[in-house]
Amino acid sequence: MLAITKKKIKRVAFFGDADAKPTDQHYIDAFNTAKLLAENGYIIVNGGGPGVMLAATMGAKEGKGKVELVIIDEKVDMGPNYEGSGKENKSKADKIYRVKTIQSRTEKLTEIADAYVIFKGGTGTMAELALVWEKAKFEYGKHEPLLFFGDCWRDTIETMVRDLNFDKTERKVYDFADNSEEVLKIIQNKKSLKKTDNGGLFGRFKKMIDNF
């Protein structure tokens with residue numbers, strides 16, 4: 001359950017699968033979410049590569065919005081396993097930050113973004129997630145919301161939180177979103193959406209847990 005934050009949200013970073021294709025559902029979801037956020041005045045931020053990153057840029061531009069990229073300087077040889085920054089993505093950007101390492105790229109994304117939407121991804125996405133989750137804990141009260149998009153995350157995150165040593169603060173800086181409209185509403189409200197079905201014993205029990 002995402003606790004309310006006093007953070008002013010202007011830039012929203014997109015994290016996710018660099019191998020996502022335009023026909024993949026998480027690519028489509030990223031595109032639609034970026035478009036909706038851009039239409040509502042938010043700046044879209046990503047790492048300048050293909051997949052979900054490109055989807056975020058293309059969606060933002062479709063929504064007549066602005067895009068800022070953080071990329072590793074083209075002069076740096078990162079080897080064959082790095083997805084790289086894409087010409088199409090860079091050509092659409094309103095602003096580009098260049099850094100020297102993968103760690104500094106993640107750190108810069110974390111520095112400039114005010115909220116994060118996290119789509120299905122791999123180890124790179126998990127590395128980004130770890131950093132932004134820790135930062136949100138340290139800045140609790142003015143924390144940057146973490147929004148996990150889609151069913152792919154729910155079981156994973158709930159299992160981690162249940163089985164590992166997550167404290168109460170770490171449990172209050174994230175939420176799940178099932179669609180683009182929920183992402184927008186949560187970011188606008190800066191807290192979890194109210195649930196309409198809280199009746200009965202289960203509803204009261206859930207409310208007790210949420211308020212703990």
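Every number here is computed from the coordinates shown, using simple stated rules; none is lab data. What you see is a predicted model; the values in this text were computed from it and never measured. Cβ: placed from backbone, ideal geometry, glycine included. Neighbour counts: every protein chain shown.
Quick rundown of the values:
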| quantity | calculated |
| --- | --- |
| Qualifying residue in the range 35-51 (condition: within 18 Å of the chain's Cα centre (by Cα), surrounded by fewer than 24 Cβ atoms within 10 Å (Cβ to Cβ) and among the β-branched types (V, I, T)) | yes |
| Residue ID - farthest from the chain's Cα centre (by Cα), chosen from residues in the range 1-34 that are among the charged types (D, E, K, R) and within 29 Å of K172 (Cβ to Cβ) | K6 |
| Leading residue by the ranking (surrounded by the fewest Cβ atoms within 10 Å (Cβ to Cβ)) among those in the range 110-126 that are among the aliphatic types (A, V, I, L, M) and either more than 14 Å from V70 (Cβ to Cβ) or in contact with a Pro (Cβ under 6 Å, 6 or more places away or on another chain) (or both) | M126 |
| In the range 143-167, the residues that are part of a loop (DSSP other than H, G, I, E, B) and surrounded by 11 or more Cβ atoms within 10 Å (Cβ to Cβ) | H143, E144, P145, G150, F166 |
| Subset tally (residues that are out of contact with any Ser or Thr (no Cβ under 8 Å at 6 or more places or on another chain) and assigned to a loop (DSSP other than H, G, I, E, B)) for the range 15-50 | 11 |
| Extreme residue, farthest from K8 (Cα to Cα), among residues of the range 132-152 that are hydrophobic (A, V, I, L, M, F, W, C) and within 12 Å of the chain's Cα centre (by Cα) | F149 |
| Helices (runs of 4 or more DSSP H) contained in the range 51-132 and holding at least 1 residues more than 25 Å from G150 (Cα to Cα) | 87-92, 102-112 |
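Conditions tested, residue by residue: (1) in contact (Cβ under 8 Å) with a residue 60 or more places away in the chain; (2) surrounded by 21 or more Cβ atoms within 10 Å (Cβ to Cβ); (3) out of contact with any strand residue (DSSP E or B) (no Cβ under 7 Å at 6 or more places or on another chain).
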| site | (1), (2), (3) |
| --- | --- |
| D24 | no, no, yes |
| D29 | yes, yes, no |
| K95 | no, no, no |
| S104 | no, no, yes |
